[in-house]
2 protein chains.
Amino acid sequence: MTILPRRSRLTGASSSDRGLPNATVARLPLYLRALTQLRSQGSQTCSSDQLAESTGVSSANVRKDLSHLGSHGTRGVGYDVDHLRAEIAQAIGQTQDWNVVLVGAGNLGTALAAYPGFTSRGSRIVAVVDADPARVGEQVGDLAIESIDHLETIITERAVSIAIVATPGQAAQTVADQLVGAGVTSILNLAPVALRVPEGVDVRQVDVAAELQILAYHEQRKGHPREEAEVSR
Amino acid sequence: MTILPRRSRLTGASSSDRGLPNATVARLPLYLRALTQLRSQGSQTCSSDQLAESTGVSSANVRKDLSHLGSHGTRGVGYDVDHLRAEIAQAIGQTQDWNVVLVGAGNLGTALAAYPGFTSRGSRIVAVVDADPARVGEQVGDLAIESIDHLETIITERAVSIAIVATPGQAAQTVADQLVGAGVTSILNLAPVALRVPEGVDVRQVDVAAELQILAYHEQRKGHPREEAEVSR
DNA sequence: ATATGTGAACCACTTCACAGCA
DNA sequence: TGCTGTGAAGTGGTTCACATAT
């Protein structure tokens, strides 16, 4: 009756498991960003306080996170920027680029295809695919839009394992099914629907409109003077 | 030495506090989405299992979340779609639109300006602002780009309290300072930097490149024949 | 029979506080 | 002295399981 059995597997980091806590994994990219910045400023070493400052994470949390990677700091000194960077890059698999296929060449899709921040952070969009035959061949950044019918070939030949879904909501589930069928095992979903995928496929959801709604909730509670003009004093 | 004293305010929902748990707030938009969909399919009522199915949240969690809004279901039957929708809309302040200013008319900014999903979900972009004088006047969707120098006027005159920052990383903090100075109290930050804002200002961060890095981590782990982990949130 | 609402148990994560080490 | 690394305590959130209501 309930949604899913949801295998109660060993989630945490059990002894022989090299896995990191999910919350830690989600923050490693932030540390990487901060370290890259620090390095470009010439810093050789940094403290957990500095990392805290530039990521918004508490310093105790920074230390705990980094300790999961092993001990790489020097007491009384801090962390070696280059070494830590390499360590984190290694942990999250950024020693090489990941090939990504982008599905959906609408406004959002084309904006992402042009975004330079992916390449510098470990992901390379190697194909832009759209369902509309009229769009096929059109240039987006330095890629030509390809037909969604070629998904399987694209995915296998270009060693793609991660996909970005930037289609309208009603197309997203179908696209996801095709992607999974073609061998994709990680999906970043920008469409405002929950995707149903088989066990073993990871989905991360980004929904900008929902984020605004969350902000609106807090805004409402602040009693923001939005209607002050109408309220008599 | 550590980062901040971080006033230990009553975070949870204390008795006289109408506040909801953060995790619940973050899911209300999902329920709203699902209910809108269900209603358009003609459903009069729905169960927590149906909501679970269409949001990816467990049914127990759905019930717990909804119970925070008060008891609005009927045992043995489920929830009245329209009534629940109204209840949630009320709770997250979607009974009317929130005016939003978008800063940064680059690829991502213009894509968001054209996105129809905001209006239908409680947010209306009422201004697009850019720092580049050459872009001012240019049409984006049905808005003309305005100068960032007019931020304060725009924000006060159009009753804006929420902003989207879609600028390059190095400009984001300056823009955030300007926004806060002009009276904005909620920021959705799409730039890949942590924003420093005063107490009372809410920031939500969306970083697509970081999401891909998180997926890459799990992807890397799948490479080895070990039991795979499930990604959350 | 069916589905909600909820205390209690459980779990993941964060923070605290200090021991350990350069 | 200064900063890391980490057990222990604390917090918030999820899941369980069942009493409760229709």
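GNM on chain B, alpha-carbon springs under 10 angstrom: the most fluctuating residue among B:Ala191, B:Ala172, B:Ala209 is B:Ala209. When B:Gln90 is represented by a point 7 angstrom out along its Cα-to-C-beta vector, the spacings to that point in the other copies are 5.7 nm, nearest first.
In chain B, carbon and sulfur make up what percent of the accessible area (probe 1.4 Å)? Result for chain B: 49 percent of the exposed heavy-atom area is carbon or sulfur. Short-range pairs are left out: with C-alpha atoms under 8 Å and at least six residues apart, the relative contact order of chain A is 12 percent. Inter-chain neighbour count for A:114-120: the average number of beta-carbon atoms from partner chains within 10 Å of each residue's beta-carbon is 4. Mean per-residue shielding of peptide A:195-206 is 4, counting Cβ atoms of other chains within 10 Å of each Cβ. Counting only alpha carbon atoms, the long axis of helix B:208-222 and the longest principal axis of chain B meet at about 50°. Between A:Glu157 and B:Asp82, the modelled labels are 5.5 nm apart [label points 7 Å from Cα along Cα→Cβ]. Neighbours of A:Val165, meaning other residues whose beta-carbon lies under 15 angstrom from its beta-carbon, give a summed charge of -3 when Lys and Arg score +1 and Asp and Glu score -1.
If only the Cβ of Lys and Arg carry +1 and only the Cβ of Asp and Glu carry -1, the dipole of chain B around its Cα centre is close to 820 debye.
Per residue, the Cα convex hull of region A:22-91 amounts to 74 Å³. Here the label points at A:Ser71 and B:Ser47, each 7 Å from Cα along the C-beta direction, are separated by 5.5 nm in the simple model. Only Cα pairs within less than 10 Å get springs; with that Gaussian network setup on chain B, which residue of B:Ser48, B:Ser186, B:Ser40 has the largest fluctuation? Answer for the Gaussian network model of chain B: B:Ser40. Basic side chains Lys and Arg get +1 at the Cβ, acidic Asp and Glu get -1 at the Cβ, and with that the dipole of region B:134-233 about its Cα centre reaches some 320 debye.
What residue among B:Ile187, B:Ile92, B:Ile145 has the largest mean-square fluctuation in a Gaussian network model of chain B, using Cα springs under 10 Å? Answer for the Gaussian network model of chain B: B:Ile92. Distances between copies of B:Tyr115, taken at a point 7 Å out from Cα along the Cα→Cβ vector and listed shortest first: 1.0 nm. If you fit an axis through the alpha-carbon atoms of helix B:81-91 and take the longest principal axis of the Cα set of chain B, what angle between them do you get, 0 to 90°, nearest 10? Once rounded, one gets 40 degrees. Plainly put, the tip 7 Å out from Cα toward Cβ on A:Arg158 is 3.7 nm from that tip on each other copy, the closest given first.
Relative contact order, whole percent, for region A:128-177 stands at 25, derived from Cα pairs under 8 Å and 6 or more residues apart. Mind pulling the angle between the C-alpha long axis of helix B:22-40 and the longest principal axis of chain B? Nearest 10 degrees, somewhere in 0 to 90. Tilt relative to chain B: about 80 degrees. Averaged over the residues of A:41-52, the number of partner chain Cβ atoms lying within 10 Å of the residue Cβ comes to 1.
Applying 1/(1 + (r/R0)^6) with r as the Cβ-Cβ distance of A:Thr174 and B:Ser58 and R0 = 25 angstrom yields a FRET efficiency of 0.50.
The values are calculated or read from the model by the stated rules, or taken from the named source; none is laboratory data. Note that the coordinates shown come from a computational prediction; the quantities given were computed from them, not determined experimentally. Please note: Cβ atoms are built from the backbone with ideal geometry, for glycine as well, and neighbour counts cover all protein chains shown. All accessible areas refer to the heavy atoms of the entire protein, side chains included, with ligands and DNA or RNA removed. Shrake-Rupley method; radii C 1.70, N 1.55, O 1.52, S 1.80 Å.
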